[in-house]
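Written out below as structure tokens is the structure these notes cover.
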Amino acid sequence: MSNNLYTCTGEITAIIANMVVVKANGPIRQNEICYYLHNNKNIMGEVIRTDRNYAYTQVFESTRGFKIGMTTNFTGNMLEAYLGPGLLTKNFDGLQNDLNKMEGVFLERGARTYPLDVEKRWTFKPIAQPGEQVLAGDWLGEVDENGIPHKIMVPFKLEGTLKVVEVAQANDYCINDTIATLSNEAGEIIKVTMVQTWPVRLPIKSYLEKLRPSKLFETGIRVIDTLNPILEGGTGFIPGPFGSGKTVLQHALAKQAAAEVVIIVACGERANEVVEIFTEFPKLDDPRTGKKLMERTSIVANTSNMPVAAREASVYTAMTIAEYYRAMGLRTLLLADSTSRWAQALREMSNRLEELPGPDAYPMDLSAIISNYYSRAGQILLRNGSKGSLTFIGTVSPAGGNLLEPVTAATKKVARCFFALSQERADNKRYPAIDPIDSYSKYLEYQEYLEYSKIHIGENWIEDVDFVRNTLIQGREVYEQINILGDDGVTVDYHVMFWKSELIDFVFLQQDAFDEIDANTSIPRQKYMLEKINVLLKTSFMFDNFDEVRNFFKRIIYILKQMNYSEFQSDKFVGFENELQQVINEKVKA
Amino acid sequence: MEKKSFQKIYCKLSNITKATCTLKAGGVGYEEMAFIQGRAAQVVKIIGDEVTLQVFSGTEGLSTDSEVIFTGESPSLAIGDHMTGRFFNSFGKPIDGYPIMEGTKREVGGPSVNPVRRVQPNQLITTGIAGIDLNNTLVSGQKIPFFADPDQPYNQVLSMIALRAKVDKIILGGMGLTWDDYLFFKSSFDQGYGKSKIIGFINTTEDSPVERLLIPDMALSTAEYFAYEKNEKVLVLLTDMTLYADALSIVSNRMDQIPSKDSMPGSLYSDLARLYEKAVQFPDGGNITILAVTTLSGGDITHAIPDNTGYITEGQLFLRRATEISKVIIDPFRSLSRLKQLVIGKSTRSDHPQVMNAAIRLYADAANARTKLENGFELSDYDKRVLKFAKDYSERILAIDVNLEIDQMLDQTWHLFKAYLSIDEVGIKQEFIDQYWKN
Ligand SMILES: Nc1ncnc2c1ncn2[C@@H]1O[C@H](COP(=O)(O)OP(=O)(O)O)[C@@H](O)[C@H]1O
Ligand SMILES: [Mg+2]
């Protein structure tokens, strides 16, 4: 790169791990990108604080071998994502380098690769007409990206009203071909290609308004869809100690959720977990479209051994890609595992900058940063009347499993669904370990959702779910009583109440993420099973002693679980259902 | 340390703390190695012309006019086949009495593997211990620690597994090992067939604690050489990582960093992850598996060291004394191998996952029954049977001194199911009941 690409240059004056101070010879801009010239390679960094002509920068790679006086070039631009067709199926690092294009087995320092394919041809169809007035984000045309209508939009950076001068004819084009020309208010002609850039730390706001979520976002996970539903454009978080099932749950969501586009950001977690996605997603089918899962997925992987500053950037890169697809009117899901690692990256840098520390040495503005991030999710109404949504679910890894620690506490303030994973449930292998009582969905208070559920799920759905929830709460209370008073110290009715709640737990809450059939339960099937369970909960049985209670419930739990493992309404399923009926009839008659 | 003509020599230290010293110097690279009166040191901070060095063997007795030589190199080690059978200290010098050998110098603590070049781990590692093979199956390329109280025989277990595992190299990284434990490892590998495979990097309690910080990088860079360049299967043993983390906190406190939980540096997670993530399955067949030890204080796993470790590693194995048989077992409740899904029921018999889960569920019921008994409640018939099951299960299958093939473990568990329980109580898929419940 030649020097005139840069706004100014400088020299390194201090190096403390991945924080480097640079004395600049010109104006510097907060969050602009700079390149340190090290062994003939450009190593990338970002300005995170300025003090007179000193730039405090975070280096996105290792600083090993950096020396005082090293030349640094400032670009004047913030960290930007490249947006265009072909993002799906890709594996990026936190700075959106295409990991597959990198050479060698090891990540070499200073290596950078372009995120998109410049030679691939896309079949373009125009949408806008010459003469039309357009604004940033309006659709000019579309290409088919693995069956997904990928809209080519008026670049988000363009300001004011523009006029369409020309739109390319339907044909095959590369991303850098001009597909439209626009003129702005000053009469300047602007050429539009299929790729544009956007600074990742700023939200894309090319929509008319944000709407309140109202539609169920189906996940196929019973304890979520039924008891703690998340809505399209909603937010949720999954806190839990290590080993409680956060990642398995996120992968299940990535596989099954009713999204058209899924962006996964592996933020400071294990490399082998992304390898699992790389390996499996190209083979697995999207249950809704029959295409391969990878075709709707894009992965941003900045695993725990990759540079910490790039980890911090990774969540923004992923959010920007998700917002880009939402602007096409698509149902987008963004998953981040784990947002705590992002917060820790912020903490490391804040400590190096010697900022005044907040609780647990996290930066004072941690809450504000998290809340800003979550607020980028949502359902939007576009100017053309279409709607798009970005549902966001992040995991949180509380230090010591303590839900009062700063990251969990800050996230709880902003996320609308709280899927609390319980250590006790995980220890007892009651997966998914989502605590049915401690968890909540604020969407259950949304009038919009209550109406939606009446029409789309069932007239009595909310009442049925409440009944199940109350039985669970009752079961928990009764369990404590039995523990205090002993099996013989309570009446047989107590045992029945307890076992009714166990029945819900084993048959409905627990779900085997590794069983092909049980892993994903459609809404009609959830409804069918819930109603079946409710009938059982409301039936009075006759028992002589508590041993009999236990044996009976174990028997019917066993049969109901066999139903869960069978194809819905298959002969096998119906067979078990009939067997269940017989067992019950005996007990009711007796 | 020999002086070379191009090396810069300084002799004025402006500040000395227990683990670091500061001096004015120019042209120094970040993380460069230096020697202060022959003691190895590394650049950890540069502000203008002020360079702060971390002195690995401690600063005791250093004077402000000590001679400082910068090497112009980041940490490196002469790695090669000649290392086999040898034991080294934190600086890569032999401690086994045999002469120094030359090899090509390689950078220590180099770059990470591109995640898209990794292969999903898929090879089962057997140890003969049911607490591992049956309940928490290990896979090549996995990283997993033992969580153990200091009085538990974790080093014995580690060496037993190393000797039974079918690998090409065993690399031992000993941090804060007692001299006795070092000799124990050495002699057990000498006696077993391990001698031809072992390489050790040892920091004992006699050495400075800060020196330990070099051990994992040495061990793992050596492992990378054998796994990547030679396509070998390498098992790395790191014991005790708690002492490693303690050394990290010593240094960060000396550098006036703001401590986070339990006086640990805020970067503890990244510091540990950088090491553990060296575990990998390479595309050409070589792999690195890491078995570590994290000692607990008072069994507290919420402490920052085990807590961060658990978030990084692919599971954890708890050592516990089972009171009913007074033998050490791997606790079936709290232990977890996150990679077991990749092999159980696939590389092992198809009933493995269900048998494993059912036995653990029954074992949990037995624990409840025991609590009932302790609280003076009467036991039901089921409670009594499940207690008998649990005792036999601990004694004949789980105990760490039992050595079985996985199929034997499964057969024996079926045998115990049948002896004490009904089909409903065991709750396994019908197809497996049909196949295994008979004889
Ligand atoms: N839904 C589930 N079904 C079966 N096993 C599960 C489930 N969720 C978690 N597990 C088990 O728990 C382990 C840890 O889960 P993981 O999601 O990696 O935990 P976390 O991300 O919270 O540390 C998995 O490897 C698996 O063995
Ligand atoms: Mg996880």
Show the residues, 5+ positions off or on another chain, whose built amide H is closer than 5 Å to the amide H of A:E80. A:V200
List the trypsin sites (Lys or Arg not before Pro) within the stretch A:34-66 that DSSP assigns to loop and that have no more than 10 neighbouring Cβ atoms inside 10 Å. A:R52
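Just checking the output field for A:550-556: average partner chain Cβ neighbours within 10 Å of each residue's Cβ?
On the way: counts 3, 4, 1, 1, 5, 5, 1.
The mean count of partner-chain Cβ atoms within 10 Å per residue comes to 3.
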Among DSSP beta bridges lying fully in the stretch A:202-351, give the percent that are antiparallel, nearest 5. 15 percent
Using the per-residue mean of other Cβ atoms lying within 10 Å as a proxy for protection, in what order, highest first, do the peptides A:218-230, A:441-453, B:110-122 fall? A:218-230, B:110-122, A:441-453
Given H placed 1.01 Å from N in the peptide plane, which residues other than close sequence neighbours of B:A292 have an amide H under 5 Å from its amide H? B:I144, B:F146, B:L238
Taking the Cβ of each residue in A:M306, B:M264 as the centre, tally the other Cβ atoms inside 10 Å and list the residues starting with the fewest. B:M264, A:M306
Chain B, Gaussian network, Cα under 10 Å: of B:M241, B:M160, B:M101, the residue fluctuating most is B:M101
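Per residue of chain A, what 222 nm ellipticity follows from adding -39500 (n - 2.57) for every DSSP H run with n ≥ 4, rounded to the nearest 500? Write down the numbers at each step before the final one.
Numbers: 13 runs with 179 residues, N = 590.
Taken over chain A, the calculation gives -9500 deg cm²/dmol.
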Gaussian network model of chain B, springs between alpha carbon atoms under 10 Å - residue of B:S267, B:S337, B:S140 with greatest fluctuation: B:S267
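Can you give me the relative contact order of chain A as a percent, contacts being Cα pairs under 8 Å and 6 or more apart? Don't skip to the end; give the middle numbers.
Details: 1216 pairs, mean separation 71.7, N = 590.
Across chain A, relative contact order equals 12 percent.
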Where the centre of each part is set by its Cα atoms, how far does the stretch B:357-401 sit from the stretch B:90-138, in angstrom? 38 Å
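Mind checking the mean number of beta-carbon atoms from other chains within 10 Å of the Cβ atoms in B:261-271?
Working: counts 6, 2, 0, 0, 3, 13, 9, 1, 11, 13, 0.
Counting Cβ atoms of other protein chains within 10 Å of each residue's Cβ and averaging gives 5.
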With +1 assigned to the C-beta of every Lys and Arg and -1 to the C-beta of every Asp and Glu, and no other charges, what is the dipole magnitude of the stretch A:30-139 about the Cα centre in debye, to the nearest 20? 320 debye
Quick check: the distance between the Cα centres of the stretch B:1-64 and the stretch B:254-268, to the nearest angstrom? 23 Å
Distance violations [Cα-Cα > 27 Å] among A:K246/B:K346; B:K18/B:K169; A:K67/B:K105: B:K18/B:K169
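So for the stretch A:188-278, averaging the separation of alpha carbon pairs under 8 Å that are six or more residues apart and normalising by length, what relative contact order in percent results?
Relative contact order for the stretch A:188-278 comes out at 20 percent.
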Going through A:K587/B:K438; B:K186/B:K230; A:K561/B:K143; B:K93/B:K278 one by one, the pairs whose alpha carbons sit over 26 Å apart turn out to be A:K587/B:K438; A:K561/B:K143
If one computes the Cα centroid of the stretch B:283-305 and of the stretch A:359-419, what distance in Å separates the two points? 30 Å
Looking only at lysines whose Cα falls under 27 Å of B:K372's and that sit 8 or more positions away or on another chain, we get A:K429, A:K500, A:K554, B:K327, B:K384, B:K388, B:K391, B:K418
With +1 on the Cβ of every Lys and Arg and -1 on the Cβ of every Asp and Glu, the dipole magnitude of chain B about its Cα centre, in debye rounded to the nearest 20, is 580 debye
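Give the average, rounded to an integer, of partner chain Cβ atoms located within 10 angstrom of each Cβ in B:104-115.
Details: counts 0, 0, 0, 1, 0, 2, 5, 12, 9, 7, 16, 19.
Per-residue shielding by partner chains comes out at 6.
With +1 on the Cβ of every Lys and Arg and -1 on the Cβ of every Asp and Glu, and nothing else charged, how large is the dipole of the protein assembly as shown about its Cα centre, in debye rounded to the nearest 20?
Dipole size: approximately 1360 debye.
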Among B:T371, A:T320, what is the fewest-to-most ranking by other Cβ atoms within 10 Å? B:T371, A:T320
So what is the calculated 222 nm ellipticity per residue for chain B, using -39500 (n - 2.57) for each DSSP H run with n of 4 or more, over all residues, to the nearest 500 deg cm²/dmol? -9000 deg cm²/dmol
Whole-Hz ³J(HN,Hα) from phi, Karplus 6.51 cos²θ - 1.76 cosθ + 1.60, for the stretch A:532-538, glycine and proline x: 4, 5, 4, 4, 5, 5, 8
List B:K143, B:K372 from most exposed to least, where exposure is judged by having the fewest other Cβ atoms within 10 Å. B:K372, B:K143
Relative packing of A:352-362, B:413-423, which averages over residues the other C-beta atoms within 10 Å, highest first: B:413-423, A:352-362
What percent do you get for the relative contact order of the stretch B:9-70 when only Cα pairs under 8 Å and 6+ apart count? 43 percent
Highest GNM mean-square fluctuation, chain B, Cα pairs closer than 10 Å: which of B:A279, B:A367, B:A245? B:A367
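Just so you know, all these numbers are worked out from the coordinates, no wet-lab data involved. Everything quoted here is computed from the prediction, not taken from an experiment. Heads up, the Cβs are rebuilt from the backbone with ideal geometry, glycines too, and the neighbour counts pull from every protein chain shown.
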